[in-house]
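The values are calculated or read from the model by the stated rules, or taken from the named source; none is laboratory data. Remember, predicted model here, so these are calculated numbers, not experimental data. Cβ: placed from backbone, ideal geometry, glycine included. Neighbour counts: every protein chain shown. Accessible surface areas use protein heavy atoms only, side chains included; no ligands, DNA or RNA. Shrake-Rupley method; radii C 1.70, N 1.55, O 1.52, S 1.80 Å.
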Amino acid sequence: MDLRHLRHFVAVAEELHFSRAAARLGIGQPPLSQSIQALEAELGARLFERTKRRVELTEPGQLLLGEAREILARAERAAVLTRRAAKGEVGELRVGFTAAAPFLPMVPRIIDAYRRAHPDVHLSLVELPSKQQLTALADRRLDVGFIREPRFVPDPESFRFHDVVREPLLAVMRADHPLAGREVVPLAALRDEPFVFYPADFGTSTHEQVFALCAAAGFRPNVTQDAREAFTIIGLIAAGLGVSILPGQLRQVALEGVVYRPLDTPDAVTTLQLAQRSNESSPLVKKFTGLVERIVPFVPPLTGA
């Protein structure tokens with residue numbers, strides 16, 4: 001059924017006058033009459049009773065009028081939604097983030113700014129470790145992700161990264177630890193300490209960064225207790241199970257008896273990045289990454305870490 005025929009039918013049904021309907025549609029009366037005749041032939045039903053003095057809807061015509069209005073309205077909505085989707089204004093955006101990312105003020109600021117700018121886009125937020133986010137991006141289960149800068153990316157040409165926040169890695173320990181009284185903790189002093197840390201197979205970039213940092217200082221962390229969540233790590237430190245090295249924003253977890261101290265090496269730095277597929281064509285993703293690049297155009301080097 002041709003939408004053009006339906007539009008013509010609705011105009012005649014509402015005007016009940018072929019000349020006025022033709023003027024409203026901006027076409028001649030003969031083409032309008034031919035359009036109505038073609039619709040009647042297709043449907044096998046008379047839609048109007050015509051006399052020289054008046055035009056009236058038949059019973060089938062009255063039934064069709066309600067359906068035609070709904071069809072035309074749905075077609076218009078579909079066209080509007082399609083145009084808006086092409087502009088990145090509607091749809092669903094799947095955003096990955098690490099467990100600690102919301103503690104950085106920049107991340108909630110970005111999410112809030114995007115929600116305000118695109119209220120009709122559904123944001124689906126998914127918490128995953130950094131490596132798992134890269135896998136989900138490659139498999140198209142995520143659209144973008146806030147990750148810790150990975151030391152190794154299996155297929156680097158498949159991704160694009162934009163730095164969001166650079167912050168120090170801090171030593172985390174109980175307040176009564178012998179090193180807690182120092183303003184800056186020597187990394188090498190943690191050589192023989194029991195560590196509470198992420199398991200190697202959990203997929204956090206922080207694990208890679210900390211092990212590389214300690215390797216450069218000549219030792220491997222003695223991990224005596226695994227934990228998959230940063231908050232659990234901090235809680236276990238408070239319970240006296242060891243020390244750890246974690247991103248600086250986690251010092252906001254002000255657990256009684258736990259202190260955070262800078263390390264003595266300028267390499268104790270971690271960067272939160274926004275990751276996306278390099279061949280991304282989605283207007284939704286382009287809108288999101290464009291907003292991030294406007295809010296965070298350049299992340300300066302960290303000083304005094």
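Among the candidates Arg220, Arg251, the residue that is among the basic types (Lys, Arg) and assigned to a loop (DSSP other than H, G, I, E, B) is uniquely Arg220.
Scanning segment 241-261 for residues that are open to solvent by 50 Å² or more (accessible area, probe 1.4 Å) and either farther than 19 Å from Leu104 by Cβ or within 17 Å of the chain's Cα centre (by Cα) (or both) yields Leu241, Glu256, Arg261.
Quick one: is Val164 among the hydrophobic types (A, V, I, L, M, F, W, C), in contact (Cβ under 8 Å) with a residue 60 or more places away in the chain and touching a Phe, Trp or Tyr at 6+ places or on another chain (Cβ under 6 Å)? So that I can check it myself, show each step before the final result.
Values: among the hydrophobic types (A, V, I, L, M, F, W, C): yes; in contact (Cβ under 8 Å) with a residue 60 or more places away in the chain: yes; touching a Phe, Trp or Tyr at 6+ places or on another chain (Cβ under 6 Å): no.
So Val164 fails the test.
The condition of being in contact with a Pro (Cβ under 6 Å, 6 or more places away or on another chain) and open to solvent by 30 Å² or more (accessible area, probe 1.4 Å) holds for only one of Asp264, Asp201, that being Asp264.
Mind checking which residues of segment 154-190 are farther than 25 Å from Leu255 by Cα and either open to solvent by less than 20 Å² (accessible area, probe 1.4 Å) or out of contact with any strand residue (DSSP E or B) (no Cβ under 9 Å at 6 or more places or on another chain) (or both)?
Going through segment 154-190, the residues farther than 25 Å from Leu255 by Cα turn out to be 154-164, 188.
Matches in segment 154-190: Pro154, Asp155, Pro156, Glu157, Val164, Ala188.
If you go through segment 100-121 one residue at a time, do you hit one that is within 21 Å of Arg277 (Cα to Cα) and either open to solvent by 30 Å² or more (accessible area, probe 1.4 Å) or modelled with pLDDT under 85 (or both)? No: segment 100-121 contains no residue that is within 21 Å of Arg277 (Cα to Cα) and either open to solvent by 30 Å² or more (accessible area, probe 1.4 Å) or modelled with pLDDT under 85 (or both). Considered as a group, the residues in segment 25-37 that are open to solvent by less than 40 Å² (accessible area, probe 1.4 Å) and touching a His at 6+ places or on another chain (Cβ under 8 Å) include one that is nearest to Thr58 (Cα to Cα), and that residue is Ile36.
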